[in-house]
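Chemist: One structure, as structure tokens, below. Some questions next.
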Amino acid sequence: MNDLPPDPEGVDQFVIYGAYGEIMHKFQILEMVLWGFLARSFKSGTTLDQGMAQVERWNATTFGQMWRGLRTQEHWPDDVVVECDQAVMARNYLAHHYLREYFLVTPSQANRETAGVQLTRIADRLDTLLDRLEQHGRSIGVPDVNDLDEQTRQEIEALRPTTWLPGPNP
């Protein structure tokens with residue numbers, strides 16, 4: 001066992017990585033919330049297999065493409081459209097540039113703090129957007145998990161895998 005105190009720079013970087021992962025997780029939640037708005041287009045009588053096939057098509061669509069398809073719907077308040085547009089840009093920045101830019105600069109406390117502030121700002125805006133989307137969804141009849149009856153909850157729970165789902169083999 002190593003009795004040396006942790007390297008403060010390493011701890012700070014670990015915190016940055018953790019915050020980064022948390023925000024990317026929130027973007028996955030945002031994507032699933034937007035799927036709720038997409039699901040409004042399901043016709044009555046859509047089977048589980050048909051619905052799952054549609055979800056697979058959504059999975060093959062980038063977040064930006066999905067939002068571009070949704071943003072033209074007339075029910076969106078202007079502030080939600082602007083915030084979702086910004087969320088797409090923030091998500092793409094994080095996914096494609098943030099870590100590379102963060103690790104290209106000379107390591108310093110100031111740069112780590114700037115990186116953390118960026119993540120905090122994005123997280124705060126994302127939390128606000130998720131709350132706003134929940135409110136808007138409720139106002140137009142998009143149910144959330146709290147609106148489901150017990151039988152539907154049990155049916156959904158029965159679909160939950162009981163083992164880890166490995167991705168495609170590289």
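The values are calculated or read from the model by the stated rules, or taken from the named source; none is laboratory data. Note that this is a predicted model, so its numbers are computed, not measured. Here the Cβ positions follow ideal geometry from the backbone for every residue, glycine too, while neighbour counts run over all protein chains shown. Accessible surface is based on the protein model in full, side chains and every heavy atom, while ligands, DNA and RNA are left aside. Shrake-Rupley method; radii C 1.70, N 1.55, O 1.52, S 1.80 Å.
Chemist: About the Cα centre of segment 30-140, how large is the charge dipole given +1 on each Lys and Arg Cβ and -1 on each Asp and Glu Cβ? Please answer in debye to the nearest 20.
Modeler: 220
Chemist: Considering the chain as a Gaussian network with a 10 Å cut-off on Cα pairs, which listed residue, A90, A53, A115, attains the greatest mean-square fluctuation?
Modeler: A53
Chemist: When the chain is treated as a GNM, springs tying every alpha-carbon pair under 10 Å, which of G116, G69, G45 comes out with the largest mean-square fluctuation?
Modeler: For the chain, modelled as a Gaussian network with Cα springs under 10 Å, the answer is G45.
Chemist: Still on this structure: Which peptide among 15-25, 137-147 comes first, and what is the full order, when sorted by highest mean count of other Cβ atoms within 10 Å?
Modeler: 15-25, 137-147
Chemist: Each label point is 7 Å from the Cα along the Cα-to-Cβ direction; what then is the distance between the points at K43 and D79, in nm?
Modeler: Here the modelled spin labels are 3.8 nm apart.
Chemist: Sort out for me the Cα centre separation of segment 17-47 from segment 50-79, rounded to whole Å.
Modeler: Result: 9 Å between the Cα centres.
Chemist: A follow-up question, please. Sorting check: for 96-103, 118-125, which peptide has the highest mean count of neighbouring beta carbons within 10 Å, and how do the rest follow?
Modeler: Highest to lowest by the protection proxy: 118-125, 96-103.
Chemist: Can you tell me which of E83, E134, E74 moves the most in a GNM of the chain? Springs connect C-alpha atoms under 10 Å apart.
Modeler: Per the Cα network of the chain with a 10 Å cutoff, E74 tops the list.
Chemist: How large is the accessible surface per residue of the chain, computed with a 1.4 Å probe and reported in Å² as a whole number?
Modeler: Heavy-atom SASA per residue in the chain reads 70 Å².
Chemist: Then there is this: Find out how many positive minus negative residues lie around T152, taking Lys and Arg as positive, Asp and Glu as negative, among other residues whose Cβ is under 15 Å from that of T152.
Modeler: Neighbour charge sum, excluding T152 itself: -4.
Chemist: Let me ask something else. Would you tell me the accessible area of T106, worked out with a 1.4 angstrom probe on the heavy atoms of the protein chains, in Å² to the nearest 10?
Modeler: 100
Chemist: How much net charge surrounds A39 when only other residues with a Cβ under 14 Å from its Cβ are counted (Lys, Arg +1; Asp, Glu -1)?
Modeler: -1
Chemist: Quick one: with all protein chains in place, what share of the accessible area of the chain is carbon or sulfur, to the nearest percent (1.4 Å probe)?
Modeler: Exposed carbon and sulfur together represent 56 percent of the surface.
Chemist: With only alpha-carbon pairs counted, each pair once and no self-pairs, how large is the Kirkwood hydrodynamic radius of segment 40-81 in angstroms?
Modeler: One decimal place: 11.9 Å for the Kirkwood radius.
Chemist: Projected area of segment 1-71, taken from the Cα convex hull and averaged over every viewing direction, in nm²?
Modeler: 8.0
Chemist: Summing +1 for each Lys or Arg and -1 for each Asp or Glu, what net charge is found among the other residues whose Cβ lies under 10 Å from the Cβ of R138?
Modeler: It works out to a net charge of -3.
Chemist: Sticking with this one: Quick one: plug the Kirkwood hydrodynamic radius of the chain (C-alpha pairs) into Stokes-Einstein at 20 °C, 1.002 mPa s, and report D in µm²/s.
Modeler: 114
Chemist: Would you check the accessible area of R71, probe 1.4 Å, heavy atoms only, in square angstrom rounded to 10?
Modeler: About 90 Å², rounded to the nearest 10.
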